[in-house]
Amino acid sequence: MKKTLLSIFLLMAVTVFAQQQTVTYSINPPTFEDTTPITITINGTSINESTWGVTGNALYLWSWSYDVNDTNQMDSPSNGSWTSSNEAAKFTYNAGTDTYTKTFTPSVYFGRNGIGRIGFLVKAKDGSGSKQSQDIVVEVGSFQVNLTSPVENSASIIASGSNFNIAATNTNGAASYSLKANGTVINTNASTASYSYSHINVTNNQTYELSVTQGSTTIVKKFSVVVNPNTVSQTMPAGLVDGINYNSNDTSKATLVLDAPLKDFVYVAGSFNNWQPTSAYAMKKDPVSGKFWLELTGLVSGVNNTYQYWVVDASPLTGSPSLVKTADPYSTLVLSPYDDPWIPASSYPNLPAYPAGQQFEVTVLKTGQTPYNWQVTNFTKPEKEKLVIYEVLVRDFDAARNYQSIIDKIDYFKNLKINAIELMPVMEFEGNESWGYNTSFHMALDKFYGTSDKLKELIDVCHQNGIAVILDVALNHAFGRNPMVRMWMNDPDGDGFGSPTAENPYFNTVAKHTFSVGEDFNHQSTRTQYYVERVIKQWIQEYKIDGFRWDLTKGFTQACTASDQSCTNAYQQDRVDILKKYADYSWSLDPTHYTIFEHLGTEAEEKQWADYRVTETPSKGVMMWGKMTDPYNQLSMGYASESNISKMSSANRGFAANRLIGYAESHDEERLMYKNVQYGASNSAYNVKTLNTALSRMSAIGAVSLLVPGPKMIWHFGELGWESSIFTCNDNSVNTDSDSTGGDCKLDTKPQPQWVNNWLGNSNRNKIYNDWAKMITLKKAEPVFLGTSTIPNSNSLTVNIKITNAGLTSAQLKDVLILANFDVTAQNVSTGFPYAGTWYNLMDNTTINVTDVNAPINLPAGEYRIYGNKTANLAIEDFEKGSTVNLYPNPVSNHFTLSTAVSKVQIYSVSGQFVKSFASNGNVDFQFGVSELQTGLYIVKASDENGKIQVMKFIKK
């Protein structure tokens, strides 16, 4: 019952496989019923408390029970949590004998009757890491059965035609024995306390059940035999790839390919052979590549099939299993017994059922699938320099936690004017409530957010609206359910999970970098490189993903150790080369693909990627994540110390190309607004800690960040001034202490105040949203923002940014001056206009006459100005709406009318959800009835006969 612990700090997810201490124990009485009080005694000399960090002899029991049929396992309700055991589970320390004792009655302690076995281990209060003993399982009842041969739940590997011996004994007198093989009774013995049987000439794989009955009690022991099929060596058909190969001409066939070096033979077990593979389902082996392959026949088009590989090593390393049952590493859809029962049908309708009686993930195979009908087949991506990316965690964007909820709110993104959405990882990850970085199957879509077609619909809808979709991918590592981990793993306790062995052709046994998460891929392995390229191809070609944000690229080196952070942070040539190789492969499939590295490392190394192939047509170059949270948060709080924002510019990092995705917020850093209201500066007249005051400063943050030339990023709901900590817990408390009971709350599912409390209807929050939308429009529409910027390399609360595009003429908007005052008092802000004359405030196109180019401008606290030498397109008040159609009355009671004849009207909630539509057929007197709508703010889209759209808002009383 090994505990796999998932804990993600910053962008990281860590799996800890415990290296257990072996304890010695006794149980009194040794034979007991579930209603009998028992005492478990642990020998204190067998536990090294210091290695567990235990003080005060505080050890705890972690226990579970099985029913008499061994089919229903339940943890004790007294356990507590793995990182914080209940005090009810604490052992009593006996100093005189140096022992630990725990006395309880099983039926009471486990809250159930009919217990056949109990399991337990000893642990520290926080059992994470290696602070636990081995698993111990003992029988319950005066009637007990001991399977002496083979080992219970084992899989014995035998040669075809061999005899297989089964032996067992029982207590409490004679019992009746019945042995089943593959569901058929093959032997019985009505009265014995010592059973033996030899199953002769075994030529097929067998699943055995030995049922032993005494009185009204039956105990079942399970075990199996896997027959060596003497693998056939046969050349694999040309053109096959690892994983599922569908036959384009025959939907009754599919060919499976598995690369499993050092393995002796492989079976394919699945729904098509009732999970009892015969020799006909033994995979053949290609004599050149060494890959296993098998053509499946008799499949039915459109029907879901499920399967696993039974991968056998007849002479495994010590501590490694002979048989591993695993899903396909190249699965595009997997079913999980651990996660699927909690996936809501509203998100994934008609989820295929996990096959009864199996363990671990299984792969879904379906021939004759209907391809998604893409509406946009030739999407033109926004220019890299004009990108404004909106980072989204699907789970926390909306209470529905699915792709449909994002589709429903597409107008929210359109009205903000962003042109790219970046989804945090959506590849199959462990669990459902996750950030997604604990990936286990990189080619499979996780089902918690919705179906494959629904994600494609989201991408299609984004493309229809000019929005690119970028996918966050975690290819530095994989987690313990990953088939390529499990096929070559240490698993001394036999629970089916473990860490890579020295034989593993994909993973390092010890991470080669400091920021170790999960199991560390060896990216110098050609097999790993093949796998990564297959992953890239899947998401670009199958899902039309426009770009990847590569998580934790510092981990792509083989040159360092886990303890040497200076090495990990230093320039590493192998890392530069392999990441260029992966970028090259992406661009070979899609020359305009966005490649983004979350490196956060040395500028010398990042320059290698940022300037790579930028002179080509189309221009390449890797975009780099540019964390600027700390200096921007200093500005927003009102503190000059460490407020230098000069590194928001690519040029100030030495990149020739404008490839820095600068951001003030991302999923990894604390919210600006949270720190504003917690720690902001103040005086008697102005207090940043006041919510509305803090909100009023966020428009200025947008001005001095979004408009700096080069791609930029927003973390969701920064545009509405989200002030909740990223460490907000499920119960709305805040816990930032990763060492506390249960760890910090960074990964907890967040509340949804932005929709529940209608933040778009809040004038203070709506102002940020609208101001940022105008700035983003400026960035996309005006060529000046493709130019160069000058940002003083200094700490100051008065910000002065000059932007110019030398390629433009003086008749165009070619010079911009951005000023901001982040102090808590009004300040005279230095200017330095490039020339005298009329300048325009680009947020409303009002003018100022500049006679002294260096004359300072007085700005109130938290205010900003964006001046240009010419007016800006679409930068006037209500720029997003136009002004040719008026709606009245407003607020609305029962109906409204429009000042101009239109052909179609659609009403949406402020969250972007469709509410109602009208076909007015050009009738200028048409009354649009809305009496049934609830009180609140609504958006109206009116279309005329030429398809021209006007957008308005009204308040329903």
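The values are calculated or read from the model by the stated rules, or taken from the named source; none is laboratory data. Please read these numbers as outputs of a predicted model, since none were measured by experiment. Here the Cβ positions follow ideal geometry from the backbone for every residue, glycine too, while neighbour counts run over all protein chains shown.
Restricting attention to the stretch 908-916, does a residue exist that is aliphatic (A, V, I, L, M) and farther than 14 Å from K957 by Cα?
Yes, some residue in the stretch 908-916 is aliphatic (A, V, I, L, M) and farther than 14 Å from K957 by Cα.
Taking only the stretch 42-85 into account, find how many residues are under 15 Å from V122 (Cβ atoms), part of a loop (DSSP other than H, G, I, E, B) and without any contact (Cβ under 8 Å) to a residue 60 or more places away in the chain.
The number of residues fulfilling the criteria is 5.
With the requirement that a residue be assigned to a strand (DSSP E or B) and either in contact with a Leu (Cβ under 7 Å, 6 or more places away or on another chain) or not assigned by TED's automatic domain parsing to the domain that holds P352 (or both), what does the stretch 275-295 give you?
Passing the criteria: K284, F292, W293, L294.
Could you run through the stretch 697-718 and say how many residues are in contact with a Gly (Cβ under 8 Å, 6 or more places away or on another chain) and closer than 28 Å to C745 by Cα?
Residues in the stretch 697-718 being in contact with a Gly (Cβ under 8 Å, 6 or more places away or on another chain) and closer than 28 Å to C745 by Cα: 4 in total.
Conditions tested, residue by residue: (1) touching a Ser or Thr at 6+ places or on another chain (Cβ under 8 Å); (2) surrounded by 22 or more Cβ atoms within 10 Å (Cβ to Cβ); (3) hydrophobic (A, V, I, L, M, F, W, C); (4) assigned to a helix (DSSP H, G or I).
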site: T370; (1), (2), (3), (4): no, no, no, no
site: T377; (1), (2), (3), (4): no, no, no, no
site: Y412; (1), (2), (3), (4): yes, yes, no, yes
site: G436; (1), (2), (3), (4): no, yes, no, no
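Being aliphatic (A, V, I, L, M), under 20 Å from A400 (Cα atoms) and not in a helix (DSSP H, G or I): is that true of L747 here?
Answer is yes for this residue.
Name the one entry in F360, F397 that is surrounded by fewer than 20 Cβ atoms within 10 Å (Cβ to Cβ), within 21 Å of the chain's Cα centre (by Cα) and hydrophobic (A, V, I, L, M, F, W, C).
F360
Check off (1) under 17 Å from the mean Cα position of the chain (by Cα); (2) farther than 23 Å from Q308 by Cα for Q464 and give me the number that stays unchecked.
(1)
For the stretch 91-100, state whether one or more residues are within 40 Å of the chain's Cα centre (by Cα), surrounded by fewer than 23 Cβ atoms within 10 Å (Cβ to Cβ) and of a type in the set (G, A, S).
no
Part of a loop (DSSP other than H, G, I, E, B) and not basic (K, R), is that true of Q359?
yes
Just give me the residues in the stretch 200-218 being over 30 Å from Y267 (Cα atoms) and surrounded by 19 or more Cβ atoms within 10 Å (Cβ to Cβ), in sequence order.
If the condition is that a residue be over 30 Å from Y267 (Cα atoms) and surrounded by 19 or more Cβ atoms within 10 Å (Cβ to Cβ), then V212, Q214 are the ones that fit.
Residues that are more than 21 Å from the chain's Cα centre (by Cα), at positive phi and not small (G, A, S): does the stretch 743-754 have at least one?
No: zero hits.
If you go through the stretch 221-258, how many residues are of a type in the set (A, V, I, L, M, F, W, C) and in a loop (DSSP other than H, G, I, E, B)?
Residues meeting the conditions: 5.
Cβ-Cβ distance below 6 Å, separation of 6 or more or different chains: which pairs start in the stretch 310-336 with a residue that is on the phi > 0 side of the Ramachandran plot and end on one that is of a type outside the set (G, A, S) and part of a loop (DSSP other than H, G, I, E, B)?
G319/P492
Could you go through the stretch 733-741 and let me know if any residue there is farther than 30 Å from K414 by Cα and either at pLDDT 95 or above or not in a loop (DSSP other than H, G, I, E, B) (or both).
Within the stretch 733-741, one or more residues are farther than 30 Å from K414 by Cα and either at pLDDT 95 or above or not in a loop (DSSP other than H, G, I, E, B) (or both).
Of all residues being at pLDDT 95 or above and in contact with a Leu (Cβ under 9 Å, 6 or more places away or on another chain) in the stretch 213-239, which is nearest to V151 (Cα to Cα)? Just the residue, please.
By that ranking, first place goes to F223.
Listed here are the residues, each with its yes/no results for (1) surrounded by 15 or more Cβ atoms within 10 Å (Cβ to Cβ); (2) of a type in the set (A, V, I, L, M, F, W, C); (3) modelled with pLDDT under 95.
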position	(1), (2), (3)
W275	yes, yes, no
V288	no, yes, no
F292	yes, yes, no
V303	no, yes, no
V311	yes, yes, no
G319	no, no, yes
P329	yes, no, no
T332	yes, no, no
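Looking at the stretch 133-184 only, could you name the residues that are over 25 Å from S65 (Cβ atoms) and of a type in the set (V, I, T)?
Listed by number, the residues that qualify are I157, I158, I166, T184.
Provide a single number: the residues in the stretch 781-799 that are buried (at least 19 other Cβ atoms within 10 Å of the Cβ) and part of a helix (DSSP H, G or I).
Result for the stretch 781-799: 2.
Can you give me the number of residues within the stretch 907-937 that are at pLDDT 85 or above, crowded, with 17+ Cβ neighbours inside 10 Å and not in a loop (DSSP other than H, G, I, E, B)?
3
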